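The values are calculated or read from the model by the stated rules, or taken from the named source; none is laboratory data. This is a predicted model, so every value here is computed, not measured. Backbone-built Cβ (ideal geometry, glycine too); neighbour counts: all protein chains shown.
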Amino acid sequence: MAKQPNVSTQTIGISGLSVSERLTRALATLKLIATPEQEVALLEYLTQLLRWNKTYNLTAIRDPNQALVHHIFDSLSLVNPIQRTLNLSATSIGTIIDVGSGGGLPGVIIAIMLPTVKVTCVDAVEKKALFVRQMAGVLALKNLSALHARIETLEPLHSTLVTSRAFASLTDFAQLAGKHVCEQGHLLAMKGITPTDEISALSTLTTWSAKEVEPLTVPELEAQRCLVWMQRKGT
């Protein structure tokens, strides 16, 4: 991983705290243990995302403070639920496909925090996949890769977990990406408020059902978030 962040860690955000201090506090709030190298990588990723965004329009959020919360903290909130549900240990190996990953959210964050898990970010926009590949090199993330493709056109990838963040309805997500989940694997969608109608439609229209709706609290974010864990019916 990169040794020194390019992001200005002295930039003051809320409560007189620097960006690095806010990150450390968010990690503690989420009960995440990060090495100094992982914290550096998270800050470097934020710097690169904002820098590339000036030219390549990777995200609609351009303000550093908003990007820290809506992208970094938001993505970090998935890490513990993923570890817990997949029973990941410090040495266990899993595979995650991040669909509609854009500039690598949450895929790059997951790859930083879970170095034993192989993460593949998939996006239909070439410049976004290129950025993720660049991040894999800049941050020395050997467990991170990117595919420029529409998820439905790929051959089955047999992944432990397929994630999405603001990608599509639950039904569309299951129909487009469900084939890439291994037999006992899961689909995982990050949503805002509990999508009751989408959950009902999912069960009616697909071979998938919602196993659990897990509420999330994202540091510094005054908005509802939840995770919808999905599994094939009968498993």
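Data overview
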| item | result |
| --- | --- |
| Number of the condition not met by Q184 [criteria: (1) surrounded by 14 or more Cβ atoms within 10 Å (Cβ to Cβ); (2) farther than 22 Å from V125 by Cβ; (3) modelled with pLDDT under 95] | (1) |
| Scope the range 44-98; condition of a type in the set (D, E) and not in a helix (DSSP H, G or I); matching residues | D63, D98 |
| Hey, L170 buried (at least 20 other Cβ atoms within 10 Å of the Cβ) and farther than 29 Å from L49 by Cα or not | no |
| Single residue of T163, T206, T153 found to be farther than 21 Å from A129 by Cβ and either among the β-branched types (V, I, T) or out of contact with any strand residue (DSSP E or B) (no Cβ under 8 Å at 6 or more places or on another chain) (or both) | T206 |
| Residues of the range 139-157 that turn out to be more than 25 Å from H71 (Cα to Cα) and in contact (Cβ under 8 Å) with a residue 60 or more places away in the chain, as a count | 1 |
| Test: residue in the range 32-39 that is touching a Gly at 6+ places or on another chain (Cβ under 9 Å) and either of a type in the set (F, W, Y) or closer than 25 Å to S164 by Cβ (or both) | no |
| Checking N143 against (1) at pLDDT below 95; (2) among the polar types (S, T, N, Q); (3) touching a strand residue (DSSP E or B) at 6+ places or on another chain (Cβ under 7 Å), the condition it does not meet | (1) |
| Test: residue in the range 39-58 that is at pLDDT 95 or above, in contact with a strand residue (DSSP E or B) (Cβ under 6 Å, 6 or more places away or on another chain) and small (G, A, S) | no |
| D172 free of Cβ contacts under 8 Å to residues at least 12 places away in the same chain and either under 25 Å from V213 (Cβ atoms) or of a type outside the set (K, R) (or both) | yes |
| Of all residues making up the range 118-136, the number that are under 20 Å from V181 (Cα atoms) and crowded, with 22+ Cβ neighbours inside 10 Å | 5 |
| Residue ID - surrounded by the most Cβ atoms within 10 Å (Cβ to Cβ), chosen from residues in the range 59-101 that are charged (D, E, K, R) and modelled with pLDDT of 95 or more | D98 |
| Hits in the range 187-216 - residues which are closer than 14 Å to R165 by Cα, surrounded by 18 or more Cβ atoms within 10 Å (Cβ to Cβ) and either β-branched (V, I, T) or in contact with a Phe, Trp or Tyr (Cβ under 7 Å, 6 or more places away or on another chain) (or both) | L187, L188, A189 |
| Residue count for the range 209-223, restricted to those that are modelled with pLDDT of 95 or more and out of contact with any strand residue (DSSP E or B) (no Cβ under 6 Å at 6 or more places or on another chain) | 4 |
| Among residues of the range 146-156, those that are among the small types (G, A, S) and either crowded, with 16+ Cβ neighbours inside 10 Å or modelled with pLDDT under 95 (or both), counted | 1 |
